[in-house]
Every structure is written in structure tokens, then in C-alpha cells.
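The values are calculated or read from the model by the stated rules, or taken from the named source; none is laboratory data. All values derive from a computational prediction rather than experimental measurement. Neighbour counts are summed over all protein chains in view; Cβ atoms, including those assigned to glycine, are modelled from backbone coordinates with ideal geometry.
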Amino acid sequence: MKLTLQSFDLELREPFRITHGVRTHQPTLIAALSDGDHEGYGEATATSYYGLTIDGMRQTLESLRPVIESTPLDTPDQYWAAMEPHLRDHPFELCALDVAAHDLWGRRQGRALYQLWGLDPAEGPLTNYTIGMGPVDEMIAKIKARPWPLYKIKLGGPHDLDIVRALREVTDAPFRVDANTGWTAGQTISYAPVLKEMDVEFIEQPLKPDDWTGMAEVFRHCALPLIADESCQREEDVDRCHSFFHGVNIKLMKCGGLTPARRMIARARELGMQVMTGCMTESTVGISAIAQIRPLLDYVDMDGPLLLKEDIATGVCIDQGKVYYPDKTGTGVVLNLPS
């Protein structure tokens, strides 16, 4: 097996703001695994909030090149189990390898991953379109420029209710709000009934991930469902979030790929929790991987390519929240390399 690494600096259509900062570009690392006949692709985005850089991720994978290239790939689960001890503290890099392994395995089998898992894409939910934080007139302009059946609104500032009221004036589409750890327990409890009246479906990660006391209070009194994001990163976090959140947002890069994500979904279902998968502003490489498990989800946020000025791949396509799958094997990705 041969490992190839390529990095890209993906320019965003517009500056993207959340409570953790603002960015105009998304650096990303594409990992490819080839067996000589087929090649599979995975992705890891560099995120300053998690202390990740392209150089750091590349160095991590390069240091493991002998192990990565000498380990046989019989099944993706087996390959993940062999890589995980080396990358336990590097879930983004592990995710890139795991998704590449899944893509390669699917291509070998001659079928799309969702087909190999017996899933029906027609059963998957619509994906929302994300409106980043900013001046309210800027947020309104983004909604007007991108009419969509479902929006995620990034909040976490001092005038959040006023923002949602203003946005509600320009669209009837349902909202989801993501506070990105920017609220207190008291704010969340007081905001929830007002947000519910404005057709908000749920609140994502209102408090800091270590504020379990606050989340217990919010869970008891909140008028809207609560979805964990920063509080749910690894497999063991699903159990921890039970009785503090109504559902979990499972991000492939945070948990280490499709292999643990599928187990996390199964465990959440056992606990009676709702399940969402979100993205990290990936290109179509990463989003096409998310699409393979979309039929298992209640909610999905896979608008990453829509936020990019230019994509680096083709694969699944998104239009008006609907997800369209290519007639291709694996994750269906074709990498578009600069000439």
C-alpha cells in the first residue's frame, strides 16, 4: 500500500465567524491510500481551535508511513484497529486514514459504502446551510443570497435573540442554533422558550464542554432539545452525554473516522438519543464520507463545500438541502488536482 499526502488552502466564499474566531481560508490535508489498482481518499482539516496545523498533521502521518504502508487492509475496521494505537491522540489524522481505507475498500468491492452497509440514501435527512456570526444585516444578506429549506445559525453573542428575530423576518425555514459554548445555563434556559416560538428545532452545545453541572440544570429545564458537540468527541463521550443532552453531534474528525462514528451512532440509539453528524468545513472529500452514514441520522450538517469558493473534488452534490449521490464506488470521490 502507498500513502500520498497533499495539502490545500481552501478559500471560503465569505469570512466565517463563530465564538472561537473568524477565518477566510480552511487548510486541509488529503490522504490517499493506493494498492496499485484502486485509490481511496480521506481528509483532515487543520483547526486552530484544536491546535492543529497542516505541517503537524503531515509530520504525524509521515512518521508512521512504514506502519501505514505495511499494514494489510482486509477490512476498514481491521485497518482502523491497527492504526488507532499509533494515532490515539491524533483523531483528525486517524480519520483521514480511516476514510481513505473505507473508500479504497469500497472501490475494491465495486460498490458504494452505503450499499455495502445496506443503507438507503432516500431515508437520510436534509442538510442545513450554516449562517456564521456577524452583523445582523450581513447574516440577513447571506440568507437572502442562499434560500434554503433549513438553516443552522451560529450564535454566542450578547444580542442573540434579537438576531434570530431579525432573521425570522426574512425566511420561514426552520432554524437550528449553535451557541458554540457561548452561553450560560441561565441564558440557555431563558432563551429556549423564545427560540421555540420562532421555529428553532434544537440548541447545539450551549455551554462549555466541562460545565456538566450547568448542563444538568439546562437539561432539566430547557424547552428545546439539546445536542452535544464539543462535549461529544470520542466514543466514550456518548455515554457521558446521556442525561445531559438529548442527542449527539458526531464529527468524523473528532472521533477518528467512520469506524468509531458508526459505533457511536449505534450506542446513541441504544440510549434513546438523537444523532447528528456535522462537518469541519471539509471539501467534497470529507463530505462524501459523511454522506455514506447519512441514512442513519436524524440531522446532518454537511454544507462544507457550499462554504468554499472552489472545491477540490467531485462526489456527492447538495442542492436545496437534498443530497445527490454519484454512481460511483467507495465514497464516490474524484479528486480534481491542479494541472
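Brief remarks follow.
- Residue match in segment 296-310 (condition: outside the structural domain of Gln78 (by TED's automatic domain parsing), closer than 18 Å to Trp80 by Cβ and either in contact with a Leu (Cβ under 6 Å, 6 or more places away or on another chain) or without any contact (Cβ under 8 Å) to a residue 60 or more places away in the chain (or both)): no
- Across segment 192-218, the number of residues qualifying as crowded, with 19+ Cβ neighbours inside 10 Å and not in a strand (DSSP E or B) comes to 8.
- Applying the criterion of being surrounded by 18 or more Cβ atoms within 10 Å (Cβ to Cβ) and in a loop (DSSP other than H, G, I, E, B) to the residues of segment 151-170, the residue that is modelled with the highest pLDDT is Leu155.
- Tally, over segment 292-312, of residues that are among the charged types (D, E, K, R), surrounded by 21 or more Cβ atoms within 10 Å (Cβ to Cβ) and under 21 Å from Phe8 (Cβ atoms): 1
- Hits in segment 240-254 (condition: free of Cβ contacts under 8 Å to residues at least 40 places away in the same chain and under 12 Å from Phe202 (Cβ atoms)): Phe245, Val248
- Those residues of segment 75-89 which are crowded, with 21+ Cβ neighbours inside 10 Å, of a type outside the set (A, V, I, L, M) and out of contact with any Gly (no Cβ under 7 Å at 6 or more places or on another chain), in sequence order: Pro76, Tyr79
- Members of segment 82-95 that are hydrophobic (A, V, I, L, M, F, W, C), more than 14 Å from Gln233 (Cα to Cα) and in contact (Cβ under 8 Å) with a residue 60 or more places away in the chain: Leu87
- Among the candidates Ala31, Ala46, Ala81, residue that is closer than 29 Å to Thr329 by Cβ, under 17 Å from the mean Cα position of the chain (by Cα) and of a type in the set (A, V, I, L, M): Ala46
- For segment 313-322, filtered to residues that are in contact with a strand residue (DSSP E or B) (Cβ under 6 Å, 6 or more places away or on another chain) and surrounded by 22 or more Cβ atoms within 10 Å (Cβ to Cβ), the residue that is nearest to Tyr114 (Cα to Cα) is Val316.
- Subset of segment 125-141 [more than 21 Å from the chain's Cα centre (by Cα) and either in contact (Cβ under 8 Å) with a residue 40 or more places away in the chain or in a strand (DSSP E or B) (or both)]: Gly134
- Residue match in segment 144-159 (condition: touching a Pro at 6+ places or on another chain (Cβ under 6 Å) and hydroxyl-bearing (Ser, Thr, Tyr)): no
- Residues in segment 215-239 that are farther than 16 Å from Asn180 by Cβ and among the small types (Gly, Ala, Ser): 2 in all.
- Residue, surrounded by the fewest Cβ atoms within 10 Å (Cβ to Cβ), within segment 323-339, restricted to residues that are of a type in the set (Val, Ile, Thr) and in contact with a strand residue (DSSP E or B) (Cβ under 7 Å, 6 or more places away or on another chain): Val334
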